[in-house]
1. Could you please find all residues in the range 9-45 being in contact with a helix residue (DSSP H, G or I) (Cβ under 7 Å, 6 or more places away or on another chain) and at pLDDT 95 or above?
2. Taking the range 64-83, which residues are in a loop (DSSP other than H, G, I, E, B) and either in contact with a helix residue (DSSP H, G or I) (Cβ under 9 Å, 6 or more places away or on another chain) or surrounded by 10 or more Cβ atoms within 10 Å (Cβ to Cβ) (or both)?
3. Which of (1) surrounded by 10 or more Cβ atoms within 10 Å (Cβ to Cβ); (2) modelled with pLDDT of 95 or more; (3) closer than 30 Å to residue 17 by Cα does residue 61 not meet, given it meets every other one?
4. Check residue 6 against each of (1) modelled with pLDDT of 90 or more; (2) assigned to a helix (DSSP H, G or I); (3) out of contact with any helix residue (DSSP H, G or I) (no Cβ under 6 Å at 6 or more places or on another chain) and name the one condition it does not meet.
């Protein structure tokens, strides 16, 4: 995970934050978000930041993961288990050492 994700996401909500994010939404969406924040017992800002940070971390983490189907994994596993034939360039390189 990036340094930004590690440092910034771990800061408690009470610390000073010079960066600002503004957004506009519909009254209905705002009402739903406020209701969810109330149910959690936190402010709307704290709720939105916690959810946004959680989702951002998921996106960042998923960008480092490659998912394969069972068939694709089996094909990759077979290919890795079978050593490749050395190319002419590799043979020439090995002779120099």
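1. If the condition is that a residue be in contact with a helix residue (DSSP H, G or I) (Cβ under 7 Å, 6 or more places away or on another chain) and at pLDDT 95 or above, then 33, 34, 36, 37, 40, 43, 44 are the ones that fit.
2. Residue satisfying the conditions is 68 alone.
3. (2)
4. In the conditions (1) modelled with pLDDT of 90 or more; (2) assigned to a helix (DSSP H, G or I); (3) out of contact with any helix residue (DSSP H, G or I) (no Cβ under 6 Å at 6 or more places or on another chain), residue 6 misses (1) alone.
The values are calculated or read from the model by the stated rules, or taken from the named source; none is laboratory data. As the structure is a prediction and not an experimental result, all values here were calculated from the model. Using ideal geometry, Cβ is built from the backbone for each residue, glycine included, and neighbour counts are taken over all protein chains shown.
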